[in-house]
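Structure first, then comments.
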Amino acid sequence: MAEHASIVRLTRFQPASGKRDELIRRLIEGAEGIRELEGCFGAQICTVRENPDVIVAISRWASQAAVDNFLRTTEAQWAELAKLAAGPPASEHLVAAT
């Protein structure tokens, strides 16, 4: 495997009213399994210091194929997380320039 991730995925969640702690707990539990997927360099859940109501899931991947596999294998979990969020999560993918 390459030394550095070629894709960093950031997904921002806005928790539904009263669901912040549950959403964080579920995301942390999910990150544990994500770390085991082939091509994953790591996954963590963060809050935003400047906006504590926003939760960000960060994962680092070896390739687009690894990201695609992650999305395919976690579809059911995404549907469950949607019930805890005020709206759909917003994702962006940072692609290594080198």
### Query
Do any residues in region 19-40 that are closer than 12 Å to Ile55 by Cα have Cβ atoms under 8 Å from those of residues that are part of a helix (DSSP H, G or I) and at pLDDT below 95, where the two are at least six apart or on different chains, and which pairs are they?
Leu23/Leu81; Arg26/Glu80; Arg26/Leu81; Leu27/Leu81
### Query
Does Ala57 satisfy the criteria of being among the small types (Gly, Ala, Ser) and open to solvent by 50 Å² or more (accessible area, probe 1.4 Å)?
no
### Query
If we scan region 43-53, do we find a residue that is modelled with pLDDT of 95 or more, farther than 19 Å from Lys19 by Cα and open to solvent by less than 80 Å² (accessible area, probe 1.4 Å)?
yes
## Note on the structure
Within region 46-92, the count of residues that are over 11 Å from the mean Cα position of the chain (by Cα) and assigned to a strand (DSSP E or B) comes to 8
### Query
How many residues does region 17-39 contain that are open to solvent by less than 80 Å² (accessible area, probe 1.4 Å), closer than 21 Å to Ala5 by Cα and part of a loop (DSSP other than H, G, I, E, B)?
2
### Summary
When every residue in region 60-77 that is surrounded by fewer than 16 Cβ atoms within 10 Å (Cβ to Cβ) and of a type in the set (A, V, I, L, M, F, W, C) is compared, the one farthest from Thr98 (Cα to Cα) is Ala76
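The values are calculated or read from the model by the stated rules, or taken from the named source; none is laboratory data. On a predicted model such as this, the values are computed, not experimentally measured, just so you know. Virtual Cβ from ideal backbone geometry, glycine too; neighbours counted across all protein chains shown. Quick note on the areas: whole protein, heavy atoms, side chains included, nothing else; ligands and nucleic acids left out. Shrake-Rupley method; radii C 1.70, N 1.55, O 1.52, S 1.80 Å.
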